[in-house]
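The values are calculated or read from the model by the stated rules, or taken from the named source; none is laboratory data. Note that the coordinates shown come from a computational prediction; the quantities given were computed from them, not determined experimentally. Using ideal geometry, Cβ is built from the backbone for each residue, glycine included, and neighbour counts are taken over all protein chains shown. Note: accessible area is taken over every heavy atom of the protein model, side chains too, but ligands, DNA and RNA are not part of it. Shrake-Rupley method; radii C 1.70, N 1.55, O 1.52, S 1.80 Å.
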Amino acid sequence: MKVYRINSKNDQGDILDFDPYSMYQSLKGYTDIAEAEFMIKIFDLHANNDSIFNIWPDVMSIKPLSGDYEKVDIYIQGGFLILSKEAYDYLHQFLNEYGEFLKIEVNGLEMMLFNLRVFGKEDPDKCIEDYSKGLRSGFKKFAFINADIENKLIFKSKLLDGIGLFCGEEFKQLIELKSFSGVEFNELS
């Protein structure tokens, strides 16, 4: 089975002012969890597979870091997929069972964050770590157990703390069918 890592095209950096600390600042008033505990929850959100739907406001305003947010249909920022309204309208039915949709607006433009909440099981015999100067610097090779992911449209990795997003051929084709811009698919070798 072909597996792809989903990356933002040209790896151009973040397009929205939305990092874990700014998310923590925006959401801390919506919860009664102690501040220190809540900060850890937000910083470990993707690794711990936590939901934030129940504390998300109806719509959260987010500032852009670049004008590119108007030009892309799908973008990856942190462990989130950022979807234009058109991409959301099309993909909602396919992605609904895999995570939660969180409404945002950027300078009046309606968009959606998708918080993926499904892991794929990595194949430990085929995941080969890379080291630089004696420190772990990533992976030379990365693979998942086919039997676990063959029926998953999109998934993330525990080894990558839930930040890397992956898919099979079906999700890739859904994006290519609509010619959505903003992401590219790099096949795992």
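Computed extension gain for GLN93 through ASN48, at 0.36 nm per residue and net of the alpha carbon distance, reaches 13.7 nm.
When the surface is traced with a 1.4 Å probe over the full set of protein chains, VAL59 keeps roughly 70 Å² accessible. Tally Lys and Arg at +1 and Asp and Glu at -1 over the other residues with C-beta under 14 Å from the C-beta of GLU70: what net charge comes out? Neighbour charge sum, excluding GLU70 itself: -2. For the chain, a Gaussian network of Cα nodes joined below 10 Å ranks PHE94, PHE166, PHE119 by mean-square fluctuation, and the top entry is PHE94. Solvent-accessible surface of region 76-130, averaged per residue with a 1.4 angstrom probe and all protein chains in place: 45 square angstrom. Counting protein heavy atoms only, region 48-129 has 45 percent of its accessible area on carbon and sulfur, 1.4 angstrom probe. Translational diffusion of region 62-180, estimated by Stokes-Einstein from the Kirkwood radius over alpha carbon pairs at 10 °C in a medium of 1.306 mPa s, is 101 µm² per second. Given a 1.4 Å probe and the protein chains all in place, what does the accessible area of ASP68 round to, in Å² to the nearest 10? Its accessible surface works out to 40 Å², give or take rounding. Here is how the number arises for the chain: DSSP H runs of 4 or more residues each give -39500 (n - 2.57), the sum is divided by the residue count, and the result at 222 nm is -6000 deg cm²/dmol.
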